[in-house]
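The values are calculated or read from the model by the stated rules, or taken from the named source; none is laboratory data. Note that this is a predicted model, so its numbers are computed, not measured. Counting neighbours? That spans all protein chains shown, and the Cβs are built from the backbone with ideal geometry, glycine included. In case anyone asks, the SASA skips ligands and DNA or RNA and just uses the protein heavy atoms, side chains included. Shrake-Rupley method; radii C 1.70, N 1.55, O 1.52, S 1.80 Å.
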Amino acid sequence: MLYAMTEKQQLIFAKDAQKNQCYYCPGCGRHVILKQGALKLAHFAHQKAACQIFSEGETDEHLKGKQLLAKWFRQQGCQVWLEAYLSKLHQRPDLLIKKPNGIYQAIEFQCAPLSLAKLKQRTLGYARLGLSCWWILGHRYYVKNKLTQQNAQFLRFHPNLGYYLTYITQDNDRLLLVYDLQCDDFLQLQKHYYYAENIRQLQGFYHKKHIIKYGLISASKKAKQIQKLQRLCWQEQGKLHDLQIACYEQRIRLQDVYPKFAATTYQAPLFCQYPFSWKIKALLQKDKCCYADLLTQSLFETPLLKTDSWRQRQIEQFVSLL
């Protein structure tokens with residue numbers, strides 16, 4: 001943690017503290033040790049006993065990132081509290097800020113692994129206090145050629161950006177926006193990048209109107225999709241094996257029916273399975289009641305998004321193909 005209490009019950013930052021003095025955790029009240037070195041940012045740590053409020057083992061990336069965010073938000077005219085303890089929730093956001101318009105917001109710089117259940121719990125907790133939470137990610141969550149549940153759970157949507165994720169770069173000096181995320185069967189994730197020197201620059205990019213449109217899938221990419229599908233079917237194993245068997249039992253070849261349901265454009269990056277697969281399952285079951293369930297089973301869990309209207313459009317588009 002970046003600050004502690006002195007013997008006079010005053011808060012002091014680790015960078016301003018001196019050796020050979022006594023310092024205490026503002027959460028549990030136990031004695032903490034000042035750690036100041038050449039390689040890692042100055043911080044306090046508990047001696048042995050675990051603290052239920054302040055976590056241990058912070059990385060240098062996390063420590064520096066919090067300080068950088070505090071600096072950027074203060075430049076925006078915000079009041080900033082580092083590691084503020086919210087007693088009603090027993091939660092401690094990395095930053096709690098008060099904007100010039102008086103609105104409070106929690107800021108989380110997530111570097112360590114975080115389960116989906118914990119993400120939901122913390123986000124809902126902030127919401128109960130009327131706080132929105134901005135999740136900014138460290139390099140562990142950097143997205144490459146495909147999404148996983150680990151990074152998809154932090155997805156957000158903005159009309160000017162499409163689906164996006166926000167990072168602090170690994171060298172801790174810039175913000176990185178990975179936006180306009182798009183996917184489709186057997187193809188690499190499509191995305192754009194924007195680097196910002198501070199919060200003001202990033203917010204300016206947010207509010208600038210960008211043309212967000214799902215890209216057309218070219219003839220050459222369609223050919224690659226079909227080739228990839230054929231290879232997977234020939235292997236008779238992997239993700240498509242059960243679907244291939246289900247088609248065979250109804251005297252249908254998966255390769256033959258795929259072109260009917262293959263998309264002509266890239267799609268929202270919400271699918272944990274191949275986007276076409278839920279449609280084939282729905283075709284085989286021929287039960288309209290199952291459409292929503294089959295679609296849901298094919299998606300990542302994205303607690304920071306509202307997807308009801310998008311799901312309805314997906315089902316309507318599928319029905320129009322029947």
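Within segment 177-187, identify whether any single residue is open to solvent by 20 Å² or more (accessible area, probe 1.4 Å) and closer than 30 Å to Lys64 by Cβ, and answer yes or no.
The answer is yes, given that some residue of segment 177-187 is open to solvent by 20 Å² or more (accessible area, probe 1.4 Å) and closer than 30 Å to Lys64 by Cβ.
Tell me, yes or no, whether segment 237-244 has at least one residue that is at negative phi, surrounded by fewer than 17 Cβ atoms within 10 Å (Cβ to Cβ), out of contact with any His (no Cβ under 8 Å at 6 or more places or on another chain) and assigned to a helix (DSSP H, G or I).
Applying the first criterion (at negative phi) to segment 237-244 yields 237, 239-244.
Restricting the remaining residues to those that are surrounded by fewer than 17 Cβ atoms within 10 Å (Cβ to Cβ) gives 237, 239, 241-242.
After this cut, where a residue has to be out of contact with any His (no Cβ under 8 Å at 6 or more places or on another chain) as well, the list is 237, 239, 241-242.
Subset that is assigned to a helix (DSSP H, G or I): 241-242.
Checked segment 237-244: at least one residue is at negative phi, surrounded by fewer than 17 Cβ atoms within 10 Å (Cβ to Cβ), out of contact with any His (no Cβ under 8 Å at 6 or more places or on another chain) and assigned to a helix (DSSP H, G or I).
To keep it simple, each residue is scored yes or no on (1) assigned to a helix (DSSP H, G or I); (2) without any contact (Cβ under 8 Å) to a residue 60 or more places away in the chain.
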| position | (1), (2) |
| --- | --- |
| Gln67 | yes, no |
| Ala70 | yes, yes |
| Arg74 | yes, yes |
| Leu96 | no, yes |
| Gly102 | no, yes |
| Gln105 | no, yes |
| Leu114 | no, yes |
| Arg140 | yes, yes |
| Leu147 | no, no |
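Any residue in segment 206-213 that is farther than 22 Å from Trp310 by Cβ, open to solvent by 70 Å² or more (accessible area, probe 1.4 Å) and under 32 Å from the mean Cα position of the chain (by Cα)?
yes
Would you call Lys99 more than 19 Å from the chain's Cα centre (by Cα) and open to solvent by 30 Å² or more (accessible area, probe 1.4 Å)?
In short, yes.
Regarding segment 289-305, can at least one residue be identified that is within 19 Å of Asp184 (Cα to Cα), part of a helix (DSSP H, G or I) and aromatic (Phe, Trp, Tyr)? Please lay out each step first, then the result.
Within segment 289-305, the first condition is being within 19 Å of Asp184 (Cα to Cα), and the residues that meet it are 294-302.
Filter once more, so that each one left must be part of a helix (DSSP H, G or I): 294-297.
The next check asks that each one be aromatic (Phe, Trp, Tyr); those that pass are none.
Within segment 289-305, not a single residue is within 19 Å of Asp184 (Cα to Cα), part of a helix (DSSP H, G or I) and aromatic (Phe, Trp, Tyr).
Going through segment 61-96 one residue at a time, which ones are under 22 Å from the mean Cα position of the chain (by Cα) and open to solvent by 40 Å² or more (accessible area, probe 1.4 Å)?
Answer for segment 61-96, where residues must be under 22 Å from the mean Cα position of the chain (by Cα) and open to solvent by 40 Å² or more (accessible area, probe 1.4 Å): Lys64, Gln67.
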